[in-house]
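Accompanying notes for the structure given below.
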Amino acid sequence: MVTETLLEAELRRVAGSVPDPELPVLTLEELGVLRAVHVFGPGRVEVELTPTYTGCPAIEVMSTDIERALHEHGIPEVSVRTVLSPAWSTDDISAEGRRKLAEFGIAPPRPQPTDGGPVPLTLSVRCPHCGSTDTELLSRFSSTACKALRRCVSCREPFDHFKEL
Amino acid sequence: MTAALAPAALALGDDALVLSHRLGEWAGHAPVLEEEVALANIALDLLGQARILLSLVGDEDELAYLREERAFRNLQLVEQPNGDFAQTIARQLYFSTYQGLLYGQLAAGDGELAPLAAKAVKEVAYHQDHAEHWTLRLGDGTAESHERMQRGCDTLWRFTGEMFQPVEGVDVDWQKLEAGWRESVGAVLERATLTVPEGPQSGAWSAGAGRQGLHTEPFGRMIAEMQHLHRSHPGATW
Ligand SMILES: [Zn+2]
């Protein structure tokens with residue numbers, strides 16, 4: 001087991017503070033997609049990044065943004081490697097990330113059941129506008145694969161729900 | 001990657017690529033906006049799987065855009081035309097149930113495809129949920145929607161047998177896969193007041209043919225369209 005050096009921790013903070021291109025309220029660290037930062041020599045760094053969805057088109061923008069942030073921090077040689085395992089899950093979104101999603105008007109994902117598969121639809125999703133748990137599903141897929149479209153029965157507002165994966 | 005993995009990655013990658021393209025054909029034609037978005041999202045998940053799988057074999061663009069029809073190893077089921085919305089849903093039901101069970105088994109193993117399978121199986125659960133939801137809605141809907149849903153299921157039934165032909169390098173229990181599929185699809189059709197089709201699950205002329213590079217007539221037109229841009233403008237980017 002290799003422990004993270006002080007420099008790696010510092011570079012991880014830099015890479016982790018890059019905003020998610022699709023949901024800029026979240027940083028990559030809060031989204032939970034930044035897996036590791038390795039320093040291989042003076043000025044030579046490798047970053048491990050995991051995609052949210054296999055077809056997530058944002059991963060290329062994320063890589064470019066991380067490279068730019070580390071270049072600006074004085075690292076000339078940056079490579080970003082995509083890793084699939086262990087698979088990203090919405091449980092990887094930090095508590096702070098969930099708070100920001102709700103503040104942004106997106107209902108955060110619910111904790112995952114342990115047996116895998118979609119979360120039963122009976123578990124209530126709270127309206128990010130008025131806090132009511134009386135909400136209904138309009139569509140399983142919204143503007144991006146990671147969101148479902150719901151409506152609040154109490155305040156009648158539609159809202160996005162970051163669905164569990 | 002070990003060379004032994006190539007046939008497996010190609011077969012599963014082509015399934016995902018071809019179905020992704022078919023679903024993409026719904027853009028601008030779906031019955032409601034929510035479905036436009038849903039089918040596009042499912043297509044995008046499949047394209048992501050295809051890119052990872054084909055990259056295990058070689059250059060993903062060359063494989064997608066420069067291979068001849070006979071070099072594709074996808075199931076004939078996924079190349080079938082969209083038909084009406086009910087037929088597309090029938091194809092989704094058959095395929096997502098298969099893919100969910102297949103990836104589920106692969107994810108539980110320790111083969112080279114396990115990491116991808118573990119990731120994709122969670123996405124496929126949503127595809128399956130979507131297909132089952134619509135099968136119930138259409139099957140147990142109006143007389144018209146019921147008839148169309150039944151017709152879609154009947155039309156595609158003869159392409160389902162091919163799914164359970166063992167694929168070289170895919171280490172799963174195929175009999176268990178088939179039994180699980182029949183049970184799952186059968187239960188959904190029953191709840192949707194539909195009849196499980198009775199005909200053979202493959203024609204003598206077509207058994208397992210897609211996996212050997214023999215495709216049905218509509219596939220030629222589909223890949224001509226899919227490959228047109230890349231072949232006309234080699235190396236095009238945007
Ligand atoms: Zn509300």
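No value in this document is a laboratory result; all are computed from the given coordinates. Not measured: the values here are computed from a predicted model. Note: ideal-geometry Cβ built from the backbone for every residue, glycine included; neighbour counts use all protein chains shown.
Over the stretch A:93-162, what relative contact order in percent results from Cα pairs under 8 Å that are six or more residues apart? Don't jump to the answer; show the numbers that get you there.
On the way: 109 pairs, mean separation 18.8, N = 70.
Once normalised by length, the contact order is 27 percent.
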query: Which value, in Å³ per residue, describes the convex hull spanned by the Cα atoms of the stretch A:6-82?
result: 75
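Write out the GluC sites (Glu not before Pro) in the stretch B:113-208 meeting two conditions: DSSP loop, and at most 10 other Cβ atoms within 10 Å of their Cβ.
B:E198
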message: Bin width 10 Å, origin at 0, all Cα-Cα pairs of the stretch B:91-238: what percent of pairs per bin?
response: 10, 31, 33, 21, 5, 0
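Counting only C-alpha contacts under 8 Å and six or more residues apart, can you give the relative contact order of the stretch A:6-82 as a whole percent? If you can, show how the numbers build up before the last one.
Values: 109 pairs, mean separation 23.1, N = 77.
Relative CO of the stretch A:6-82 lands at 30 percent.
So what are chain A's ellipsoid semi-axes, whole angstrom, largest first, if each one is the square root of 5 times an eigenvalue of the alpha-carbon gyration tensor?
Details: eigenvalues 231, 47, 35 Å².
Each semi-axis is the square root of five times an eigenvalue, giving 34, 15, 13 Å.
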Cβ-based exposure ranking for A:I59, B:I89, in which fewest neighbours within 10 Å come first: A:I59, B:I89
- prompt: Using +1 on the beta carbon of Lys and Arg, -1 on that of Asp and Glu, and nothing else charged, what's the dipole of chain B about the Cα centre, debye to 20?
  reply: 180
- line: Placing one equal point scatterer on each C-alpha of the protein assembly as shown and summing with Debye, one gets log10 I(q)/I(0) at q = 0.06, 0.14 Å⁻¹ equal to -0.26, -1.34
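Tell me the mean residue ellipticity at 222 nm calculated for chain B from its helices only (DSSP H runs of n ≥ 4, each -39500 (n - 2.57), averaged over every residue, nearest 500).
On the way: 9 runs with 153 residues, N = 238.
The helix contribution divided over chain B gives -21500 deg cm²/dmol.
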statement: Helix B:6-24: inclination vs chain B longest Cα principal axis, degrees, rounded to 10, gives 60
query: Can you give me the Cα centroid spacing of the stretch B:123-200 and the stretch A:40-86 in angstrom?
result: 41
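Summing Lys, Arg as +1 and Asp, Glu as -1, what charge do residues with Cβ under 13 Å from the Cβ of B:R67 carry, B:R67 excluded?
Values: positive: B:R70, B:R73, B:R231; negative: B:D14, B:D59, B:E60, B:D61, B:E62, B:E68, B:E69.
Counting the neighbours of B:R67, the net charge comes to -4.
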query: Relative contact order for the stretch B:136-238 using alpha-carbon pairs under 8 Å, separation at least 6, rounded to a whole percent?
result: 33
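P(r) tail for the stretch B:1-143, what percent of Cα pairs lie past 25 Å?
Working: 2769 of 10153 pairs.
When all Cα pairs of the stretch B:1-143 are counted, 27 percent exceed 25 Å.
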task: Mind jotting down the three principal axis lengths of the stretch B:140-210 based on Cα atoms? Whole angstrom, largest first.
output: 44, 25, 16
- prompt: Computed on alpha carbon atoms, what radius of gyration and Dmax characterise the stretch B:115-171, expressed in Å?
  reply: 15.3, 45
- request: Enter the mean number of other protein chain beta carbons within 10 Å of the beta carbon of each residue in B:116-126, as an integer.
  value: 6
message: Nearest 500 deg cm²/dmol is fine: what mean residue ellipticity at 222 nm does chain A get from its DSSP H runs of n ≥ 4 alone, each adding -39,500 (n - 2.57), divided by its residue count?
response: -7000 deg cm²/dmol
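Under 13 Å from the Cβ of A:P51, count the other residues' Cβ atoms, weight Lys and Arg +1, Asp and Glu -1, and hand me the total.
Details: positive: A:R35, A:R81, B:R51, B:K119, B:K122; negative: A:D20, A:E22, A:E48, A:E60, A:D92, B:D45, B:E123.
Neighbour charge sum, excluding A:P51 itself: -2.
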message: Taking just the alpha-carbon atoms of the stretch A:93-162, what radius of gyration and Dmax come out, in angstrom?
response: 11.6, 34
query: So how do B:D84, B:D129 line up by other beta-carbon neighbours within 10 Å, fewest first?
result: B:D84, B:D129
